[in-house]
Amino acid sequence: MRILSGIQPSGTLHLGNYFGMMKPAIELQDQGEAFYFIADFHALTTVHDAARLRRHTHELALDFLACGLDPAKAVFFRQSDVACVVELAWILSTVTPMGLLERCHSFKDKTARGQAATHALFSYPVLMAADILLYDSDLVPVGRDQKQHLEVTRDIAIKVNELFGPVFKLPQPVIREDTAVVPGLDGAKMSKSYDNVVELFADERALKKKIMGIKTDSTPVEAPKPVEGSVILDLFRLVARPAEFEAMRADFDSGGCGYGDFKKRLLNAVWDYFEPMRRRRAELEAQPGHVEEVLKEGARRAAAVAEPVIERVRGAVGLGGCLK
Ligand code: ADP
Ligand code: TRP
């Protein structure tokens, strides 16, 4: 069973990224052959500053390793180090109907928020399909916002198989219902584009400012508080022990505790949850060259899997080789 996922180095990681994608991916590294990569080609759709892209890539690698990605179990690499993915994306784009991409929400959402409508942003799902198909992936752990991209990937793979014979396996998304959409501080989906995130490795003061600043209703301290749609409770569920969560829920129902108290409990739980990861991150940071070594070794192992696949595709579509 091959498991693959990627994440863009386009900003600081937040709880949505961790619970929606990283944690499920890390848990799956024990269940099969895992391939996880830093999608730097994809990040070029938004980051046009070489130093910034390299810094984000390095930080993301540190974050992922600190959170528990184990390079002895999972192949961890930089997308651009196995550059034939772009060749595959080109080949896939020759059979991808425009209408399939025109229906994608992410292009519409990103351009509506002011991102430049470049060709790369439009064809982003084709490169993502290439990422997945280049490694003969079976399972792809992602948050719900990536579901449509998995459907596009399957549609493209089906099209190739119809035209050229059985070239690709059809991958399945793995979307965990309980963390498919982690809410942000304002109740909308947590996203770096909405300025509503709780960062994984924020310092204590920054974290406190964010969590104590969550907007709440004006229910008096003594009165019961609405449980449905409470960002505090929804986030607390992710980081608290079950008994602590049940206790907070009961305090919401019974009244007598104010929102300030709930926010403090949430703050402490977030801080404690990420304590071992902060420690691990500091250790990794103190080993210069370590991240680069991990990524280089990952790229070597990833290339060994990708090369026979791209050869298979070239053969199937008629590239390279000579007539006998
Ligand atoms: P952002 O929305 O902050 O730009 P990305 O699109 O880079 O995040 O997402 C990276 C990964 O994290 C994807 O697999 C995505 O599904 C997941 N993810 C991002 N935000 C959330 C969220 N709020 N809830 C669940 N998963 C999320
Ligand atoms: N599009 C994904 C995101 O924005 C990142 C990504 C690129 C990806 N290629 C992938 C995820 C392949 C899973 C599989 O988060």
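Summary table below
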| read-out | value |
| --- | --- |
| Those residues of the stretch 1-17 which are crowded, with 20+ Cβ neighbours inside 10 Å and more than 13 Å from ligand 2 (Cβ to nearest atom), in sequence order | L15 |
| Unmet requirement for A61, which otherwise passes all of (1) more than 14 Å from ligand 2 (Cβ to nearest atom); (2) touching a residue at least 60 places away in the same chain (Cβ under 8 Å); (3) assigned to a helix (DSSP H, G or I); (4) open to solvent by 10 Å² or more (accessible area, probe 1.4 Å) | (4) |
| Residue under evaluation R55, criteria (1) within 16 Å of G289 (Cα to Cα); (2) surrounded by 17 or more Cβ atoms within 10 Å (Cβ to Cβ), criterion not met | (2) |
| Subset of the stretch 25-58 [farther than 29 Å from Q115 by Cα, assigned to a loop (DSSP other than H, G, I, E, B) and within 16 Å of ligand 1 (Cβ to nearest atom)] | Q29 |
| Residue check, D109 modelled with pLDDT under 95 and part of a helix (DSSP H, G or I) | yes |
| Count of the stretch 201-236 residues which are within 20 Å of N268 (Cβ to Cβ) and small (G, A, S) | 4 |
| Residue tally, condition open to solvent by 20 Å² or more (accessible area, probe 1.4 Å), within 11 Å of ligand 1 (Cβ to nearest atom) and at pLDDT below 95, over the stretch 186-214 | 6 |
| Residue that is nearest to Q31 (Cα to Cα), among those in the stretch 64-104 that are of a type in the set (S, T, N, Q) and open to solvent by 30 Å² or more (accessible area, probe 1.4 Å) | S80 |
| Test: L284 is within 22 Å of F35 (Cβ to Cβ) and aliphatic (A, V, I, L, M) | yes |
| Per-region count, the stretch 253-289, residues open to solvent by 50 Å² or more (accessible area, probe 1.4 Å), under 25 Å from D70 (Cα atoms) and not charged (D, E, K, R) | 7 |
| Matching entry among V160, V152, V140, V126 (being open to solvent by less than 80 Å² (accessible area, probe 1.4 Å) and outside any helix (DSSP H, G or I)) | V140 |
| Residue within the stretch 66-74 that is under 30 Å from A316 (Cα atoms) and more than 14 Å from ligand 2 (Cβ to nearest atom) present | no |
| Lone unmet requirement of (1) in a helix (DSSP H, G or I); (2) hydrophobic (A, V, I, L, M, F, W, C); (3) surrounded by 12 or more Cβ atoms within 10 Å (Cβ to Cβ) for A250 | (3) |
| Subset of the stretch 112-123 [open to solvent by less than 60 Å² (accessible area, probe 1.4 Å) and not in a helix (DSSP H, G or I)] | Q115, T118 |
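The values are calculated or read from the model by the stated rules, or taken from the named source; none is laboratory data. Please read these numbers as outputs of a predicted model, since none were measured by experiment. Using ideal geometry, Cβ is built from the backbone for each residue, glycine included, and neighbour counts are taken over all protein chains shown. Surface accessibility is based on the protein's heavy atoms, side chains included, excluding ligands, DNA and RNA. Shrake-Rupley method; radii C 1.70, N 1.55, O 1.52, S 1.80 Å.
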